[in-house]
Structure formats: structure tokens, C-alpha cells
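Here's the structure we're looking at; comments come further down.
The values are calculated or read from the model by the stated rules, or taken from the named source; none is laboratory data. It should be emphasised that the depicted structure is a prediction, and the values quoted were computed from it without experimental measurement. Backbone-built Cβ (ideal geometry, glycine too); neighbour counts: all protein chains shown. The area values use the complete protein model at the heavy-atom level, side chains included, leaving out ligands, DNA and RNA. Shrake-Rupley method; radii C 1.70, N 1.55, O 1.52, S 1.80 Å.
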Amino acid sequence: MEAKIRQALNDPDHQARIGRWLENGRSIRVLVTGKPGVGKSTLVNGIVGAEVAKVGSTLNPQTREVEDFRAEIDGVTVIVFDSPGLQDGTGNEKQYLADMEEKCKEVDLVLYCAAMNETRIRAEDAKAVRTLTQALGESFWKHAIFVLTFANCVELPPRKKQAEFSEFFCDKVQQWEKRLKDLVAQQLEPEVATCAEDIPVVPAGNASTPSLPNCSSWLANLWFTCLERTATDAQPALLKINWRRLKAVEHVKSEDIETKPLHQQPIPIAEGSPYANFGRVVLQNAQPLLRQLLGLQQQSGANLSPLVCQFANKLF
């Protein structure tokens, strides 16, 4: 594979193909949904790398419109849709469905947020899943991710020992995963219900706590999952607006995490990550071309190995 990538990157036809793929990355549309107070705005800002959605905004509980936030980042139009009302049971259902269909029919990434420190899925979540499927169609779920927010707030039951926390945490993630996927499968036609199994479930902590019991960097884990689930034409956009944040783990400083808001924090790429397994030689050959195609300047400490992986997946 390494030789194939190296050869292709030096081939003018493949260079043109990569260039056309990158040229598509002019916009990205993200839908975030979940109950108020589950950290939706902070989370989506952390994914796009800028303060696009308003953190802590207080929406009128009677508002039954999908609110959109827009920003221009490095020549990329970023649109974030927030869907109030899905989990609150207020307002006119037909009007709300029509609003969703008009604004969110073509979204590139969907973040469905639920608080992991809650004990169960509520009826409101079942209603929200049903509404989303009805308004946007079954194919909508192929770009979705279930994000378990406040994962850092999960507490060990009194009867458990601290040494059992990691196992308890992973079991809790699996329980949420089964419940959420079953919820989606119930709303899909039998012939496509299996697509619910492909929806990733990713725990997310807070800005000052990078690690969780199941990973060393929940932000990196979530961001790369978002990259994989984003619609193909919008993947270059997500890369363009975040390339400065992609860094090899040894270049990430603790103060960058402890003192910066989530959307300004680096996204560490650990040794052994699927995004760092093509070898140093491949990256040395690939990065100059990739930087040129993206119109980027050479910067020390930046690591664009995820781009190489995406090209390998999309082009070969």
C-alpha cells in the first residue's frame, strides 16, 4: 500500500484527481441535536475548530424552528443546525417536520447528543429518533454519530472498587450503544434496519480532561470518527478548517489542553493510530503535495497523516 500511495501521489492524473476532491471542500453542514444542557454547542465547536454555535444560548422553549449558525473559516462555509423541540414535546409537529425537511435535508454530519451520566434513555429520545427519520429519511443515519456527553461525570457505584472503574465505564458505553441503536432500528424498514449497527457511539468528556477510561484523547477519537462519517464531498472541508490542529501526540503540550477552549485545542495523533500507520517515508513524500493542494504553508509540528489515509480510502 505504501508503494502504491507513493506512486499515485507522483502521478499527474492522481494529483489532479486529489485536487478535484479537495476543491469540493467548500462547505460543511452539521446537524446537532439533543436535550438542552447536554453540551451540544461546545461539542460541535470543538469538531469544526471555531466558535460557530452559541454556547449557553437560551432558546425560547416554545420555538419550533431549526436554528442555524454560519461562519466562514479558511474559505469554507460552515453551517451548524440546532434542532430545539425534538426532545421537549412542544409546538406543532407538522410545522416542525416541514421546517426540518426544508433546512436539513442535505446534512453532511449528524451529532446526536445524550448525557452519559443519566441512567436511562427517555421517551423524548424515542420521539426525537422517530421525528428525525420521518423528516430526513432513513439514509440520514449513515452520517450520524451518537455522542455520549459528560462522560467524565460518570461515577462508580459505591459497591464497586476503583480498580473496576474502567470495566464499569466500558460496560456503560456498551449499554448506551445497544439502547440507542435499538431505538434507531425500530424506526427503520426491516431491509435497512441493519444500518443502525454501523452508527458509532463515542463518549465525550470536558475541555480540561482529555482522557477517558476507554481512550487517551476523547477529542481525537470523536474528531476522527466525525471525519469518517462525514459525507465524502464534505470531508475535505472538515480537513481544511482543522489542519492546524492535527498534531503528532509528542507535539501536544499539556497547557494547550488545560488553558484553551475545546475548539482551539490540538487534535493529537497517537503512534499506532490508524491515521499514523503509513510510515514516515510516505508522509514525507505526501505532505508537501497535500499542503500544496490545500494552499497551506509548511509548519513544524503539524501532521497531515489523516489526509493520506483518506486519499488511500477514496482513491485506491
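One line per residue, one yes/no per condition, for (1) in a loop (DSSP other than H, G, I, E, B); (2) at pLDDT 65 or above; (3) at negative phi:
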{"site": "3", "(1), (2), (3)": "no, no, yes"}
{"site": "32", "(1), (2), (3)": "no, yes, yes"}
{"site": "43", "(1), (2), (3)": "no, yes, yes"}
{"site": "46", "(1), (2), (3)": "no, yes, yes"}
{"site": "53", "(1), (2), (3)": "yes, yes, yes"}
{"site": "68", "(1), (2), (3)": "no, yes, yes"}
{"site": "77", "(1), (2), (3)": "no, yes, yes"}
{"site": "90", "(1), (2), (3)": "yes, no, yes"}
Here the residues within region 184-216 that are surrounded by 18 or more Cβ atoms within 10 Å (Cβ to Cβ) and not in a loop (DSSP other than H, G, I, E, B) are 184, 185, 196, 201, 202, 203, 212
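Going through 135, 163 one at a time, which residue ends up being closer than 30 Å to residue 210 by Cβ, modelled with pLDDT under 85 and not in a loop (DSSP other than H, G, I, E, B)?
Working: 135 fails: closer than 30 Å to residue 210 by Cβ.
Every option except 163 fails the conditions.
Find the residue count for region 138-160, including only residues that are assigned to a helix (DSSP H, G or I) and closer than 16 Å to residue 196 by Cα. Can you show your working first?
First, the residues of region 138-160 that are assigned to a helix (DSSP H, G or I): 138-143, 151-153.
Filter once more, keeping what is closer than 16 Å to residue 196 by Cα: 138-143.
Of the residues in that region, 6 qualify.
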By residue number, the members of region 217-241 that are surrounded by fewer than 23 Cβ atoms within 10 Å (Cβ to Cβ) and of a type outside the set (A, V, I, L, M, F, W, C) are 221, 225, 228, 229, 232, 233, 240
The correct count of residues that are in contact (Cβ under 8 Å) with a residue 60 or more places away in the chain and open to solvent by less than 10 Å² (accessible area, probe 1.4 Å) in region 126-148 is 5
Pairs returned, first residue in region 187-198 that is over 18 Å from residue 125 (Cβ atoms), second residue that is of a type in the set (A, V, I, L, M, F, W, C) and open to solvent by 40 Å² or more (accessible area, probe 1.4 Å), beta-carbon separation under 6 angstrom, 6 or more apart or interchain, are none
